[in-house]
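Have a look at the structure below before the remarks.
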Amino acid sequence: MGEDSQATVLSGKQVAQDVRDKLKEHVEKLKNEFAGFAPNAIVQMPLDSDNNIDSDLVLDTISPDKDVDGLTTASAGRLSHGMLGRRLHALYTKWMHGTYPEIQGATAVVLGRSKIVGTPMAELLKWHHATVTTCHSRTVDLPAVTRTADILVVAIGRPEFVKQSWIKPGAVVIDCGINAIPDATKKSGSRLVGDVAYAEASKVASVITPVPGGVGPMTVAMLMQNTVISAQKAAAQMKVSKWNISYLPLELLEKVPSDIEVARAQTPKDIAELSKEIGLLGSEVDLYGKKKAKVSLSVLQRLVFQKDGKYVVVAGITPTPLGEGKSTTTIGLAQALGAHLKTNTFACVRQPSQGPTFGIKGGAAGGGYSQVIPMDEFNLHLTGDIHAITAANNLLAAQIDARMFHESTQTDKALYGRLVPNIKGVRQFSQIQVNRLKKLGIVETNPDKLSEEEITKFVRLNIDPATITWQRVMDTNDRFLRKITIGQSPTEKGNTRECQFDITVASEIMAILALTTSLSDMRERLGKMVVASDTSGNPVTAEDLGASGALTVLMKDAIQPNLMQTLEGTPVFVHAGPFANIAHGNSSILADKIALKLVGAEGFVVTEAGFGADIGMEKFFNIKCRYSGLVPNAVVLVATVRALKMHGGGPTVTPGVPLPPEYTKENLELVEGGFSNLRKQIENGRIFGIPVVVAINSFITDTEAELNLMKKLAIDAGAVDAVICNHWAKGGAGAVQLAEAVVAASNQPSDFKFLYNLNHPIEDKIRAIAQKIYGADDIEIQPEAQEQINRYRKQGFNDLPICMAKTHLSLTSDPSKKGAPTGFKIPVRDVRASVGAGFLYPLVGTKECGQVPRPPTLARGLQWLRRLTPK
């Protein structure tokens, strides 16, 4: 090229426009699928400040995955190792590949060694096989070095520093500088120039970038491209694909060993491995050892745009002492859907209480070859959620008695000084106390300006001891704590009262854990818990006591679902374990919501409702689904031939005694007679507009005629299918046909509807449940219950859903009445409120609910626990 020739001007504007045009389609797609999604970050460098700022520290606050500039130390480290992923500086090599294809083997000189341009550019050229020299302010005979360059990149920050004589004829010149110099002809008084003397350099260069209009527009365009690429990668994490999951093989024995022997014969996967297989990020998982973990609620935010999977609830007929295998069916169905039909499938179950675990019932991990493992960790402590509830519950109980003690022994002034102490001359209300001021109608927020009357209102809760409903709890069966006297120490100055211990899972805090939808929602619910009434009949809440914040802190880890696995390696969430009588008897909303996101639109979440369908399923629909907003796709109703025989008039069964022959020999008459209960429970599922599949949990004593009769009767009664299954003995393989029936039912249209409107009178809502679900003629509300109903209505609690607390052993209030009785009434002897959890619970019949159960002479749990104890 001759001295008078002009170099080709490489316009960044045109290249930038081409890039933007190509990005439009990708951006529109992202906008449509992920509205409001912003996964990337850019820090404008260099930092403009008069103070010395550690730029690396600032940049490294950005995740490398969100670093569209490619300037974090992690990105720089990758670049130095030749890991040429998505990085801004790739624009230069891309640019030059289009205009100067001989990068490989070319001599390149980079003038400047900044972290922003010079150093990264040198690395990029080096890894594209150029021979690179980096120059800087201390380079000897700089012009001589630059004249060797086939490719010259200038980023030194000095206006028009590189002259024509410094440039090898025919070289490609990339000018990355931008500087303002005085120019009286411009309105602004200055103009922009690069680091290269453009006018003279263009006479010897073959290709040159102008300033402005060269590197600048191209940089912006590539930032845009990197942003879109990063967004696409982040968006991919917000979508659920088919899990790449390894299932655990079962070594089935013809004679099924005990549950603990089956569980201990299987080697679980590390929970960290399982969490990766189901699409959880490392930041979303807190490991508790190697076999269980907590899962962060942030999953819901990451997968906010992901469609939910299919939602299946497993319920049962009215329970009998023979056991129907509802938990076993839940796990067996999940194993069949996951390990055998290869669908993304989660099971969501309740955490068992140590009371029943060490009692007659034993554990709740399922049974046979359909279990949650490790069984011992599932049944004992798990991650401490129940202990957190115990601590929170008893903290509030202690606060109630302490407050009454202080109010009875101190003046208003002394009490005010304790509640709002003067710290270093400053008195200040906490936020909880500000909330109480608002509730009392006190507008003054300066503690020193309250009137004496306002101080009295503020410090005096005036709790009526006779109205206290909040009891202490523990997670062990101890019958001698059912009624106790507290305050007998001389230091309590005669402030004694009778109270009791309940079982921890009966605490309202457990119900709140199961029904909450976020940490802030839990904080609000905990504050709303009514613990007593004052002497004027007004409700006293945990917020009034100033305890709601402390309770939330105690529960902050418990709110995260616990991840475990089945015997076949499919995932299980174990979270919350509320009673199914005075509470709603279902696992947590949060576990279900996270699971529904993780399985994706084609996956399945199988959850279990406590007790029979008339109790657990009814509450699942009317309480849990109201608060979650989730709509189930199918009901699986579990029944057995043996249970139908008992409902049909079979003899009483005594634990530990051999079964009477009616249960071990064919008896079609008893099966058909007891089918009345199953028919009613099928009807109950259909009342809510959801398809019902009957799971006939078979036993070795069942005859083919009995099973076929049961199947025919179920389909005739309106079940979409009835399937004989053997998952206890065969694991998931024994429930494959059930799984196929559930898939088919879930694809059917449903017409989900609630049983009652919340704004209906409390009495009408109770009546609707009694008549439509139990089959009662009517209800009988006793005077004490009516008085409570009137009080709750006055206090503004009429619109809460109803949670019936009645025997689970019958559709009536009499546990001895089996089948589907008619011509009876439901007696309501009392009504209580779980305002924080969000329901009223009528007490039906005479049995007291929620107290610490009595331990048996020999606990079943102790029997299997002995197998874990080293000799």
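The values are calculated or read from the model by the stated rules, or taken from the named source; none is laboratory data. Keep in mind that what you see is a predicted model, and the values were worked out from it rather than measured. As a convention, Cβ positions derive from the backbone with ideal geometry for all residues, glycine included, and neighbour counts pool all protein chains shown.
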- Query: Which one of these does V314 not meet: (1) touching a Ser or Thr at 6+ places or on another chain (Cβ under 6 Å); (2) closer than 22 Å to L248 by Cα; (3) of a type in the set (A, V, I, L, M, F, W, C)?
  - Reply: (2)
- Task: May I ask you to say which residue of A643, A705, A695 is among the hydrophobic types (A, V, I, L, M, F, W, C) and either modelled with pLDDT under 95 or surrounded by fewer than 17 Cβ atoms within 10 Å (Cβ to Cβ) (or both)?
- Result: A705
- Residue in the range 669-691 that is within 30 Å of E261 (Cβ to Cβ) and either part of a strand (DSSP E or B) or over 29 Å from the mean Cα position of the chain (by Cα) (or both) present: no
- Take the residues in the range 122-169 that are β-branched (V, I, T) and assigned to a strand (DSSP E or B), then tell me which one is farthest from the chain's Cα centre (by Cα). V162
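Rundown of residues vs (1) crowded, with 20+ Cβ neighbours inside 10 Å; (2) at pLDDT below 95; (3) within 15 Å of the chain's Cα centre (by Cα), yes/no style:
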| site | (1), (2), (3) |
| --- | --- |
| A234 | no, yes, no |
| E254 | no, yes, no |
| R264 | no, yes, no |
| D286 | no, no, yes |
| L297 | no, no, yes |
| R302 | no, yes, yes |
| Q306 | no, yes, yes |
- Task: Scan the range 426-445 residue by residue and report those that are within 15 Å of E524 (Cβ to Cβ) and among the polar types (S, T, N, Q).
- Result: Q431, N435
- Task: State whether the residues of the range 735-752 include one that is part of a helix (DSSP H, G or I) and touching a Ser or Thr at 6+ places or on another chain (Cβ under 7 Å).
- Result: no
- Of all residues in the range 642-665, count the ones that are touching an Asp or Glu at 6+ places or on another chain (Cβ under 6 Å) and more than 17 Å from P321 (Cβ to Cβ). 0
- Message: Out of everything in the range 336-366 that is at pLDDT 90 or above and either surrounded by fewer than 24 Cβ atoms within 10 Å (Cβ to Cβ) or in contact with a Leu (Cβ under 7 Å, 6 or more places away or on another chain) (or both), what residue ends up being nearest to H808 (Cα to Cα)?
- Response: Q351
- Residue, farthest from the chain's Cα centre (by Cα), within the range 386-428, restricted to residues that are acidic (D, E) and under 24 Å from I486 (Cα atoms): E407
- Message: Suppose we filter S80, S75 for residues that are surrounded by 11 or more Cβ atoms within 10 Å (Cβ to Cβ), farther than 18 Å from N226 by Cα and at pLDDT 75 or above; which single one remains?
- Response: S80
- Positions within the range 591-636 being among the β-branched types (V, I, T), closer than 14 Å to Q306 by Cα and out of contact with any Pro (no Cβ under 7 Å at 6 or more places or on another chain), in sequence order: V599
- Item | Restricting the range 458-484 to residues that are over 30 Å from I442 (Cβ atoms) and free of Cβ contacts under 8 Å to residues at least 60 places away in the same chain, the residue that is surrounded by the most Cβ atoms within 10 Å (Cβ to Cβ) | I484
- Only one of these is within 17 Å of A542 (Cα to Cα) and hydroxyl-bearing (S, T, Y): S451, S430. Name it. S430
- Message: So D751 ticks every box in (1) over 32 Å from the mean Cα position of the chain (by Cα); (2) of a type outside the set (S, T, N, Q); (3) more than 14 Å from L333 (Cα to Cα) but one. Which box is left unticked?
- Response: (1)
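Give the residue that is surrounded by the fewest Cβ atoms within 10 Å (Cβ to Cβ), with candidates limited to residues of the range 54-68 that are acidic (D, E) and modelled with pLDDT of 75 or more.
We begin by selecting, within the range 54-68, every residue acidic (D, E); these are 54, 56, 60, 65, 67.
Subsequent filtering for residues that are modelled with pLDDT of 75 or more retains 54, 56, 60.
Details: D54: 9, D56: 12, D60: 16.
Selected residue: D54.
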- Does the range 735-751 include one or more residues that are buried (at least 16 other Cβ atoms within 10 Å of the Cβ), in contact (Cβ under 8 Å) with a residue 60 or more places away in the chain and among the acidic types (D, E)? yes
- Item | Yes/no for A776 being over 31 Å from the mean Cα position of the chain (by Cα) and at pLDDT below 90 | no
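Taking the range 107-121 as the search range and keeping residues that are outside any loop (DSSP other than H, G, I, E, B) and of a type in the set (G, A, S), which one is surrounded by the fewest Cβ atoms within 10 Å (Cβ to Cβ)?
Here the residue is G118.
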